[in-house]
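All remarks here apply to the structure that follows.
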Amino acid sequence: MRVVSLGSGSTGNALLIEAGPRRRTRLLIDAGLSLRTITARLLSVGVSPAQLQAILITHEHSDHVLGIPTLTKRFAVPVVTEPRTYAAIEEGMTAGIWRSDSGRLVSAQTESLINNQANDRVEIDVATSSIREDEQSKQESFVATEVHPQEVAPLPFPLGSHRTIGDIEVQSFATSHDAVAPAGYLLSAGGCRMCIVTDSGEVTAEMLTYMQYA
C-alpha cells in the first residue's frame, strides 16, 4: 500500500491511496483542492486522475470537497460517502457555497482561486518534469484532452459499514467533528492497514478502537 499526501490543512486536503498488483487500485480520500492542483499533484507521483477508482469523503467542508464537482464530471470518478454527507455536498454544489471548517460560508469559485491559483503554474511545471520520460507524453496528452461532462452516481457508504473497492477493503466509522455525518476510514490491503481520521474535536472510544487496528 502506498499513501501520498497531496494536500493537508485549511487550504485543502487530499490523500492518495494505492494498493494491489502494480498499485492498480487508486483511491482519493477527500478532494479539497482545485481540479488543476489535484491533477498536477497526481501527475507528480505518476498517476492520472482517470486512474482513480473512487473518492472517499470524510465530511462536507470546503477544504475537503472543493474539487468534487469538476473532478467527478470530467473523469467520471464516483464519490463514496455517507448519504447525509453527500446530500450536504449536493446542496453546496447547487448553491455554489461551501461551509469551511471555521463555519464561514465561502464561494466555491473564490475559494478555488484563493487557495490554488498562485501555485498552479509552478506545480504543473514540477509535475511534468517529475514523470518518467516514457510516460510524460502520454500523461500530458491525456490531461490536455477535453472530456465531456458526465453524471456519475454516488455510492452510498453509511457510517459503520464495510465496502471493498478493487484491492482495498474499507470500513467506515463515526468521528467527532461539527459536520453532518463525519467519517473515518480503516483501509486494509495486502496485509497492510491504515486508519484515517481528520479534523476530530476529540478521540471517542469508537475512533480509538479503529485506530488500534491499524
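In a DSSP loop and with at most 15 other Cβ atoms within 10 Å, the trypsin sites (Lys or Arg not before Pro) in the range 1-93 are ARG24. Surface analysis of the range 151-214 yields an accessible area of 50 Å² per residue, using protein heavy atoms and a 1.4 Å probe.
Equivalent ellipsoid of the range 1-115: semi-axes from √(5λ) of the C-alpha gyration tensor, largest first, are 23, 14, 12 Å. For the range 1-87, with all protein chains in place and a probe radius of 1.4 Å, 48% of the accessible heavy-atom surface sits on carbon or sulfur.
The values are calculated or read from the model by the stated rules, or taken from the named source; none is laboratory data. From a predicted model like this one, the values you see are computed outputs, not experimental measurements. Quick reminder, even Gly has a Cβ in these numbers, built from the backbone with ideal geometry, and neighbours come from all protein chains shown. Only protein heavy atoms, including side chains, enter the accessible area calculation; ligands, DNA and RNA are left aside. Shrake-Rupley method; radii C 1.70, N 1.55, O 1.52, S 1.80 Å.
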